[in-house]
Amino acid sequence: MAERADSTPNVEGLAEKISGGHLVAKALKHEGIEIVFTLCGGHIIDIYDGCIDEGIKLIDVRHEQVAAHAADAYARVTGTPGCAVVTAGPGTTDAITGIANAFRAESPMLLIGGQGALSQHKMGSLQDLPHVDILRPITKFSATVPTTERIADMISMAFRECYHGAPGPSYLEIPRDILDAKVDANQVRVPRPGRYRASIKSIGDPAAIETLADILVQAKKPCVLLGTQVWTCRGTDAAILFVKTLNIPAFMNGAGRGTLPPGDPHHFQQTRRYAFDKADVIVIVGTPFDFRMGYGRRLREDATVVQIDMDYRTVGKNRDISLGLVGDVGAILDAVTQAVSGRVNQGARERKPWMEELRAEEDRLQSDRLPRLTSDAQPIHPLRLCYEINAFLREDSVYIGDGGDIVTFSGGVVQPKSPGHWMDPGPLGTLGVGVPFAMACKLAQPQKEVVCLFGDGAFTLTGWDFETMVRFNLPFVGIVGNNSAWNQIRFGQLAKYGRERGDVGNKLGDVAFDQFAIMLGGYGEAVRDPKDIEPALQRARDSGKPSLINVWIDPEAYAPGTMNQTMYR
Ligand SMILES: Cc1ncc(C[n+]2csc(CCOP(=O)(O)OP(=O)(O)O)c2C)c(N)n1
Ligand SMILES: [Mg+2]
């Protein structure tokens, strides 16, 4: 049975009244929301008043995009949904990039937005826009709340919709008079915590589990790609057991990075293309065949390809597969591991030569690039910066990448030391996630270190919220790879149009980001000599403040990933 809101009679013997904003806060509390990211506006202030009563912390930022990105990141880090509250009109449109990013990244979060009063519906009220229509194509659920009594119920509905298939964002619009009105507490339904949705830990079709077990036991040269959903499902232990039981080389991408620690015999990073070219069985876990996978075309034509995903719509999209499994990827990997147990060594011993072949190739590629990783050149080679950052990371450092070329470089070099310690925007490729991601990370897990690498362009999109980091005392080590350009795009322009016509619309000024950090009350330093990177990073760590180490890097060096990008093909 659903709980009623506080229905203690008041002195006149009438039921207690409760306002819409207080119902919002109650419903958020029931979902386990402890932090709301927000930027104020007259349409939403009653929610703030409710949050005070429920003990929900408000983190007020300087741009609604930041609030939405932070809610997305909070969900990724905690495994519980994030929440942002923004005002009507421009407050909501500002948040759209953050919602779009969460949508493509399959991140469960709720955006609550204000709206003009229903009593002024379509009369031209301040900040009135068709928010629900605008948000619909980039959310899993987008609706307006028609009455105050329905507020808590519709919030539980919105959270339930976040978990339909692969997770994603929901949006609820609450008109101002609906939010401000007070209703009899015993007239409203407030769904109880943990009582309004089912577990999604499904293993799908049990017959498919057996089929995959058969395929894997017989495979000679299998490999597995552990993608973002391994982390989303908190399937790390299941993935490790799967890989070790079957003796399968593993590649990791997105939030799946760090599932196995660097140095683990099953951890491979640079030989993915080589393995996809030679493998007889390729298992793709929680990763779509999108641009990052060359739409599936990079997988050997005659390989047995198995796809495991939370989203039915992702499986078999863009490339034919031999077998598809839909459900919780951790639960599925566990079930497969169980299904192979007891079979002659699970074929593991036979795969030793394959593992050795890949390791030899991995070592060869690493020694080929070592001179660039350790280059003393000035201006600093981006690879050297990435090499230093990788060495600087501790077991507990969450690494965030927010930029173009410099972050592409880091993808091949920086290895998080544990699961859930890598964050990038995801397939929307949104620049500007760095500060909000760092903010949410540090709030959600203050005991952990946050290290964020920015492009000098990317930082400026949301950089003013560095001040919010200072205001809430959220220390992190920020590094700007500064090439005074939008270099990832610049490369494509130069390649296509040549020096003369290609160097337009992509240059930036030489900005002293270290001074910007100091101005806002943080720590800052500039670095031009590669040997100064490491001590500067240490000082940033020791400062206990939000920091920016502004590293001037070579604008004429480009990442292989930038040079080979599929966008122009
Ligand atoms: C919000 C947004 N705007 C534009 C782009 C297109 N874009 C992709 S990479 C890039 C350049 C990024 O520059 P910077 O952050 O300085 O990194 P660099 O490539 O110079 O290392 C741009 C503009 C994007 N991905 N996101
Ligand atoms: Mg740049």
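The values are calculated or read from the model by the stated rules, or taken from the named source; none is laboratory data. These numbers were taken from a predicted model, which means no experiment stands behind them. Cβ sites come from the backbone with ideal geometry, for glycine too, and all protein chains shown count toward neighbours. Quick note on the areas: whole protein, heavy atoms, side chains included, nothing else; ligands and nucleic acids left out. Shrake-Rupley method; radii C 1.70, N 1.55, O 1.52, S 1.80 Å.
Worth pointing out:
- Flag if residue 324 is at pLDDT below 95 and out of contact with any Phe, Trp or Tyr (no Cβ under 8 Å at 6 or more places or on another chain): no
- Matching residues in the range 206-257 - criterion: being under 28 Å from residue 162 (Cα atoms) and open to solvent by 30 Å² or more (accessible area, probe 1.4 Å): 206, 228, 231, 232, 234, 237, 240, 257
- Total residues in the range 86-130 satisfying the condition of being open to solvent by 10 Å² or more (accessible area, probe 1.4 Å) and in a helix (DSSP H, G or I): the figure is 12.
- Tally of residues being outside any helix (DSSP H, G or I) and either crowded, with 20+ Cβ neighbours inside 10 Å or within 26 Å of the chain's Cα centre (by Cα) (or both) across the range 20-49: 12
- Residue check for residue 264: assigned to a helix (DSSP H, G or I) and either of a type in the set (D, E, K, R) or surrounded by fewer than 21 Cβ atoms within 10 Å (Cβ to Cβ) (or both): no
- Hits in the range 138-157 - residues which are over 12 Å from residue 178 (Cβ atoms), open to solvent by 10 Å² or more (accessible area, probe 1.4 Å) and not in a loop (DSSP other than H, G, I, E, B): 138, 141, 142, 143, 153, 157
- Scan of the range 12-45 for residues that are within 13 Å of residue 151 (Cα to Cα) and among the charged types (D, E, K, R), ordered by number: 26
- Selection within the range 389-413: residues that are more than 11 Å from ligand 1 (Cβ to nearest atom) and buried (at least 24 other Cβ atoms within 10 Å of the Cβ). The member of this set that is farthest from residue 78 (Cα to Cα) is 389.
- Selected residue (only one of 364, 369 is away from ligand 1 (no atom under 16 Å from the Cβ), in a helix (DSSP H, G or I), open to solvent by 70 Å² or more (accessible area, probe 1.4 Å) and basic (Lys, Arg)): 364
- Failed item in (1) surrounded by fewer than 24 Cβ atoms within 10 Å (Cβ to Cβ); (2) part of a helix (DSSP H, G or I); (3) touching a strand residue (DSSP E or B) at 6+ places or on another chain (Cβ under 9 Å), with residue 416 passing the rest: (2)
- Criterion: surrounded by 16 or more Cβ atoms within 10 Å (Cβ to Cβ) and either within 23 Å of residue 378 (Cβ to Cβ) or away from ligand 1 (no atom under 15 Å from the Cβ) (or both) - qualifying residue of 461, 474: 474
- Matching residues in the range 204-231 - criterion: being of a type in the set (Lys, Arg) and closer than 16 Å to residue 251 by Cβ: 221
- Considering the range 458-569, the qualifying strands (runs of 3 or more DSSP E), each wholly inside and each with 2 or more residues that are of a type in the set (Gly, Ala, Ser) and modelled with pLDDT of 95 or more, run over 476-482, 523-527.
- Subset of the range 477-511 that is open to solvent by less than 60 Å² (accessible area, probe 1.4 Å) and away from ligand 1 (no atom under 15 Å from the Cβ) - its residue that is nearest to residue 560 (Cα to Cα): 498
- Test: residue 436 is within 20 Å of the chain's Cα centre (by Cα) and surrounded by fewer than 19 Cβ atoms within 10 Å (Cβ to Cβ): no
- In the range 440-461, the count of residues that are in contact with a His (Cβ under 7 Å, 6 or more places away or on another chain) and either within 25 Å of residue 292 (Cα to Cα) or more than 16 Å from ligand 2 (Cβ to nearest atom) (or both) is zero.
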